[in-house]
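Participant: The structure is given below, and queries will be raised subsequently.
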Amino acid sequence: MAVVYLLSSGLAVSDEKSSGGFDCRQLDRLETPASPIGWLERSLWASRCYLFQARGVRISGDGVRTLALSRAIRDGVEREAASYLDGPAVVYEGHGRIARDSLSGLAVGGVSPSASLPIIDNHYRVSLGGESRIAGRPSVRLDIEPLDSLRYGHRLWLDRSTGLPLKRVLIDADGQIIETFQMTELDQPTLYEGAVAFDASTEVPPQPWQLGWLPTGYRSLALPQASSIDSLPLGHRLYSDGLASFSVFIEPLATPDRALTPGLHRLGVSYAAVRHLRVAGRIYQVVVMGEVPPEVLRRVAAQVEYRPAVASQPRSATP
């Protein structure tokens, strides 16, 4: 039987043993948030519940790129797409209950977004930074400052009417802007008339590929079952602190042309740390990548281990 519980903002979420849901129509009845965390919570839910089409611009060290953006929900399952309109033709698509919000950069994952708020509050300082006008819409700015060196800072401009993120600035430890994303046009967003689904648990079954070190505040998000080769489970693991995320990929190197050079690689605003491991006479490639400080990625990659007889948990980090 489903259980209904209330969030700090008064929103009601149903929770069951295996899955839960959130009735998006509740957002239409909310009052304007009175605190920075209230605005962040509203934004996390808005990013799950509004349907829209938009145009945006992404500015980074690689230059300026324009994008077409869309978000839809069908039968409670979310679908989003972003396609670049200039330069090389690139299209990103995501659907299902596990997805990073590519528009705001918020790693909401497949669980209740509000479950991330206590973690965010422990590792970031969130404050209001004034109001402005983005894409022709009044917005509220949130300043999100990390409390350690294991993550980047953020500035978010949220649509005052819906809570949708209209602009995001990513900031490194030196206060330098790494990337700016901003919507330039936003068609009137529509609130989904129904419930969105999310996984109630992010428990990941024990696997022989283990992280010897995991930054404090990051947790593993459930993903589809990884494939296996020669009884060595492989695939993709995703870790998030509610705002930032990084991925770990492991694959066998069957041919040299698939090998990446070990070390740290710059990928736009992200980095990738690459390491090669020999297990049972075979070489495996470990790639750790995400929008987190490069030293974090390097340290995670350096301590990935294959421990088939041990189902231990990663050791927590110290800042």
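The values are calculated or read from the model by the stated rules, or taken from the named source; none is laboratory data. On a predicted model such as this, the values are computed, not experimentally measured, just so you know. Neighbour counts run over all protein chains shown; Cβ positions are idealised from the backbone, glycine included. SASA here: full protein model, heavy atoms, side chains in, ligands and nucleic acids out. Shrake-Rupley method; radii C 1.70, N 1.55, O 1.52, S 1.80 Å.
Participant: Would you point out the residue of segment 115-130, among those that are in a strand (DSSP E or B) and touching a residue at least 60 places away in the same chain (Cβ under 8 Å), that is least open to solvent (accessible area, probe 1.4 Å)?
Facilitator: The selected residue is Tyr124.
Participant: Here's another thing I want to ask about it. State all residues of segment 120-158 that are of a type in the set (A, V, I, L, M) and farther than 21 Å from Glu295 by Cβ; if no residue qualifies, say none.
Facilitator: Ile120, Val126, Leu128, Ile134, Ala135, Val140, Leu142, Leu156, Leu158
Participant: A further question on this structure: Mind counting the residues in segment 252-263 that are in contact (Cβ under 8 Å) with a residue 12 or more places away in the chain, open to solvent by 60 Å² or more (accessible area, probe 1.4 Å) and not hydroxyl-bearing (Ser, Thr, Tyr)?
Facilitator: Going through segment 252-263 one residue at a time, the tally reaches 3.
Participant: Could I ask something else about it? Considering every residue within segment 269-287, establish whether at least one is open to solvent by 60 Å² or more (accessible area, probe 1.4 Å) and closer than 24 Å to Pro146 by Cβ.
Facilitator: No; the residues of segment 269-287 include none that is open to solvent by 60 Å² or more (accessible area, probe 1.4 Å) and closer than 24 Å to Pro146 by Cβ.
Participant: Restricting to segment 152-193, and then to whatever is polar (S, T, N, Q) and within 22 Å of Leu30 (Cα to Cα), can you tell me which residue is surrounded by the fewest Cβ atoms within 10 Å (Cβ to Cβ)?
Facilitator: Only one residue tops the list, namely Gln188.
Participant: Only one of these is surrounded by fewer than 14 Cβ atoms within 10 Å (Cβ to Cβ) and at pLDDT 90 or above: Arg133, Arg74. Name it.
Facilitator: Answer to the selection: Arg133.
Participant: While we're here: I'd like the full set of residues that are among the charged types (D, E, K, R) and at pLDDT below 80, limited to segment 79-100.
Facilitator: The answer is Glu93, Arg97, Arg100.
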